[in-house]
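**Q** Below are the structure tokens for one structure; questions will follow.
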Amino acid sequence: MKTLLFILFQFLILFAHAQVKISGVVQSESGSPISGVNIFIQGTYDGTTSDSLGVFTFKTDATGEQTLIASCVGFETYGQALNIAGDVSDIKIVLIEEISELDEVIINAGTFEASDKKKSVVLKPLDVALTAGANGDIYGAFGKLPGSQTVGEEGRLFVRGGESYETKTFMDGMLVNTPYYSKMPDLPTRGRFSPILFNGSVFSTGGYSAEYGQALSSIVALNTVALEPETKSSISVLSVGLQGSHAKRWENTSLSVSGEYLNTTLSNKLFKQNVEWLQEPVIVGSTMLFRHKTSETGMLKSFATFNYDTSSLLYDNFEQSALQEVSLGNKNLYSNTTYNEMLNDDWMIQTGAAVNIDRENMDVDSDEIATSRNSSQLKLTLSNYSVKDVTTTFGAEALAYKYEQDIDMDGNFNLSFNNNLFAGFAESEWKVIKSFALKAGLRTEYNSLIDEINIVPRLSAAVKTSKNSQLSAAYGKFFQNPGDDYLKFTDELAPETSSHSILTWQYKKDSRTLRIEAYNKNYSDLVKFDEEFSAEPGNYNNTGSGYSRGIDVFWRDQKQFGKADYWVSYSLIDSKRNYRDYPVKVTPHYVSKHNLSVVYKQYFTKINSFISGSYTFASGRPFNNPNTPEFMAGKTKTYNDLSFGFTHLFYLFNTQTVAHVIVNNTLGFNNVFGYNYAQTPDNNGVYQSQPIIPGQKRLIVFLLSFQL
Amino acid sequence: MKTLLTLIFSLVVLTVAAQGNNYEAAMTAALEKMNSSETVANFQEAANTFERISMTETREWLPLYYASYSMIVISYIDQDVNKKDAYLDKAQQFLDKALKIAPNESELYSLQAFLYPSRITVDPMTRGMEYMPKMNAALDKAIALNPENPRSYYLRAVTLFNTPEQFGGGAEVARPHFETAKEKFDKFEPKSPLHPNWGKEINEMEMQKL
């Protein structure tokens, strides 16, 4: 009986055991209450959610040593030991805000990134594809960002007082040696790759990572899409040709092929040409993308593209006062294969091989120039994550380059050279504290042709100055071999060098971004010569130098879908150089002091249409007027362009259809890029001139795309 | 003495039963709370409750299912685009944990298909192309695992209904899917009162808009 009573007593205790009350308040570091926090005793159901004042109260059966947990979206989870002997009140919990990707400190001096995945970026891949006035060209879109110059007769990127050759393009980390189509004199070219191939891109206007070399001014790094999301096909009819693509998706593999035929004959008939075409430009191209997911973290990518372009025109060579028949034919093959994989938790490997074969034939009247450029590259990169908050990358690459030119011009000439480049780099990024990050790298290169070893440093850092703003700085030294046009005559030249110092302040809150960047760039060892095209090696030396300094401003307000979205970019630049055959240090002809772009986009849901517009302004560019004693003292009038794009989505013959129209230079500004002067004065002793103007005043392109 | 023994006996039974029923009772209470929720705060409370249960019941996928479901609903209610991704990240975490416990559960793939459209609303231009195929793949998997799960059909129907005709959606395209969903809902019996059983009413409400 006694035992029984005892048992009963035990049970009664168990049941009579009064629940105790736990109460307190949850606050942020700044002392404001946090609502919606999940507060509970670990290992039990007992807990509650904090109210709008951050106050919480709950009952628990738990006793003794327990752990109280507080967790909430956007904050770090908090735990504290709690000894429960009776009611516990006045618990004060302070939650630390989680540094989300958006608020994280990011080293971004000199860099514009477009990405779907990262939330910290200011551009989306679609921005690159759908910017009015860019004509669906990657370089055209980057040309509307601060730091790039408007050079209408080139169509290539000119960055911060640098020439177009100073910008290099990389695809999935591999060099693309000939990223542009071939180019007629005084007419712009464009990039070979469609922006829709890429789901991320980086446009760096300076201070870039030690991974990249052989670029004095800038890099464009493009990342191709991973697996195609689904099996699909499309056919597009353009006012300038036809395009078609098919993508096939398997579980872990995808293959996509596309082809295009572009011919501007019809378009050139509709829009009056300032050029006398003998044969309208024709481009035939095809692209293949193969992707295979080798494991949870492994990806094998293979990319190949081949294109052929040809055109012929009557060129008014004003310098030589002759009408010349210029014909151009170019065949280009580019292929790369890359493989990335996490070897274990600490190591990631990235490897790649790339081949680029380019054949160009340029005929000027009866003169023939055949140029062949072959490059092949191997690259290996290892990244290590074993130390917390530190990422270290090591890499090595080998690049073989073979240049050959056959000239049939009053005799046969053969100019050729080979260069093998070996490079190694190491770079480490250390997130010292949440609001401060450092990156330091070294790059070393050896060139067989000029037999020289270089080592250059790259440094950058960023510090949060408030929740929404940060300051970032970068310094780096850069080498680039002299251009093919010099190396084919002499191997006695050294690489050209530049150094960049960049300071960037960025403010980003919700939809708005403001970026102000100041930079100073110094050039030395630039190639100088007495006479252009001279075959005499002694004609060339490395005594050229120059500088660029300026301020770039970028403002973007990217409201949610269906609202206005616009960006404004402005660049102020002061740049002078003495290179080539310049007699003195002057601002070169491709630099305008002020560049402004306003890009506007809006999706109108009611009419299923996307409208984009852009306005570009550039102040006058210098040109050399031989009638004045001062070198490069002339200045063109300002450049203005207002362009539109209109995209409409609808159903045609039961097929999802996209109609797209682009209008360039809507208002018909008469832009002048510069002047060509006669080599000899006329009877009155005056050098006559002729303006360099666009190929057509306005350009309208239509596209109808069917998604099958 | 007899009374005492009876008393003890019933106490023992009660205690044991109470412990076994703790999970069910807590889930039932939490489900009631969730079903009567209307605001972000209500759903947050419900999600928190399910999260607490899930931490103790590490072998049950249902608490994680409802915690994720509540977070997804919040992401649809809260109009602040800048917050949606944070809610959905949390929802995805719950869902991923649940999928580890029950990798072949049709309801979890349906829920995944319920989550993706909310991701799209943050940035339709860019995300539509990425998440629409993902959503369709999730629904295909959900249907393959259990063709009788009505929520898969409802989610497909409502997504098509809200997709502009220009993109292959619209009322007429959605109608047969709503009808299939209705058939499946009429036949559907949840495995237990705790198993997912939502969607019948909303399916009928949406059908009236056709």
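Bear in mind that the values in this text are calculations on the coordinates, not laboratory data. As the structure is a computational prediction, the values presented were derived from the model and not from experiment. Counting neighbours? That spans all protein chains shown, and the Cβs are built from the backbone with ideal geometry, glycine included.
**Q** Angle check, please: helix B:2-35 long axis (alpha carbons) against the longest principal axis of chain B (alpha carbons), in degrees 0 to 90, nearest 10.
**A** 10 degrees
**Q** Also: Can you tell me which of A:650-661, A:353-364, A:415-426 comes out highest on packing, and rank the rest after it, using the mean Cβ neighbours within 10 Å?
**A** In decreasing order of mean packing, A:650-661, A:353-364, A:415-426 become A:353-364, A:415-426, A:650-661.
**Q** Oh, and also: Provide the convex hull volume over Cα atoms per residue for segment A:19-95, in Å³.
**A** Measuring per residue, one finds 75 Å³ for the Cα hull of segment A:19-95.
**Q** Now for a different question. In whole Å and largest first, what semi-axes does the C-alpha gyration tensor of segment B:108-210 yield when each eigenvalue is scaled by 5 and square-rooted?
**A** Each semi-axis is the square root of five times an eigenvalue, giving 23, 17, 11 Å.
**Q** What ³J(HN,Hα) values, in whole Hz, does the Karplus curve 6.51 cos²θ - 1.76 cosθ + 1.60 give for segment B:188-193 when θ = phi - 60°, with x put for Gly and Pro?
**A** Listing the rounded values in order: 6, 10, x, 4, 8, x Hz.
**Q** So what's the projected area for segment A:627-675, the Cα convex hull averaged over all directions, in nm²?
**A** 5.3 nm²
**Q** Using the count of nearby Cβ atoms within 10 Å as a rough guide to exposure, how do A:K509, B:K83 rank from fewest to most?
**A** On the way: A:K509 13, B:K83 16.
Fewest-to-most ranking of A:K509, B:K83: A:K509, B:K83.
**Q** Please state, rounded to one decimal and in Å, the Kirkwood hydrodynamic radius that segment B:16-103 gives when every pair of distinct Cα atoms enters the mean of 1/r.
**A** Across segment B:16-103, the inverse of the average 1/r is 13.2 Å.
**Q** Moving to a separate point now. From the phi of every residue in segment A:50-66, what ³J(HN,Hα) in whole Hz does the Karplus formula 6.51 cos²θ - 1.76 cosθ + 1.60 yield, where θ is phi - 60° and glycine or proline is x?
**A** Listing the rounded values in order: 5, 8, 5, 9, x, 7, 9, 8, 8, 10, 9, 8, 5, 9, x, 6, 10 Hz.
**Q** Pop out the ³J(HN,Hα) list for segment A:142-155 in order, Karplus 6.51 cos²θ - 1.76 cosθ + 1.60 with θ = phi - 60°, rounded to Hz; leave Gly and Pro as x.
**A** Coupling constants for segment A:142-155: 5, x, 9, 9, x, x, 9, 9, 7, 10, x, 8, 10, x Hz.
**Q** Further question on the same structure: What is the average number of partner chain Cβ atoms found within 10 Å of a Cβ in A:39-51?
**A** Across A:39-51, the average partner-chain Cβ count within 10 Å equals 5.
**Q** By how many degrees, between 0 and 90 and to the nearest 10, does the Cα long axis of helix A:2-16 differ from the longest principal axis of chain A?
**A** Helix A:2-16 sits at roughly 40 degrees to that axis.
**Q** Beyond 36 Å, what percent of the Cα pairs of segment A:111-707 remain?
**A** Distances greater than 36 Å cover 37 percent of the Cα pairs.
**Q** Here is a follow-up. Whole angstrom only: what separates the Cα centroid of segment A:316-362 from the Cα centroid of segment A:505-525?
**A** With segment A:316-362 and segment A:505-525 each reduced to a Cα centre, they are spaced 30 Å.
**Q** Give me the one-decimal Kirkwood hydrodynamic radius in Å for segment A:341-408, with the sum taken over alpha-carbon pairs.
**A** 15.2 Å
**Q** Sticking with this one: Kindly put B:S70, A:S575 in sequence by how many other C-beta atoms sit within 10 Å of each C-beta, fewest to most.
**A** If I rank by nearby Cβ atoms, fewest first, I get A:S575, B:S70.
**Q** Calculate for chain A the 222 nm mean residue ellipticity that helices alone would give, adding -39,500 (n - 2.57) per DSSP H run of length 4 or more and normalising by residue count, nearest 500 deg cm²/dmol.
**A** -1000 deg cm²/dmol
**Q** Sticking with this structure for a sec: If one computes the Cα centroid of segment A:205-252 and of segment B:79-148, what distance in Å separates the two points?
**A** Value for the Cα centre distance between the two parts: 27 Å.
**Q** Could you order the peptides A:408-414, A:141-147 from most to least packed, using the average number of other C-beta atoms within 10 Å per residue?
**A** Packing order, densest peptide first, comes out as A:141-147, A:408-414.
**Q** Check which residues have an amide H placed less than 5 Å from A:Q696's amide H, if you skip close sequence neighbours.
**A** For A:Q696, the qualifying residues are A:N274.
**Q** What is the angle, in °, between the Cα long axis of helix B:124-145 and the longest principal axis of the Cα atoms in chain B? Nearest 10 is fine, range 0 to 90.
**A** The helix B:124-145 is inclined about 50 degrees to chain B.
**Q** Order by neighbour count: B:S68, A:S239, A:S321, fewest other Cβ atoms within 10 Å first, most last.
**A** Numbers: B:S68 30, A:S239 17, A:S321 13.
Ordered from fewest to most neighbouring Cβ atoms within 10 Å, B:S68, A:S239, A:S321 come out as A:S321, A:S239, B:S68.
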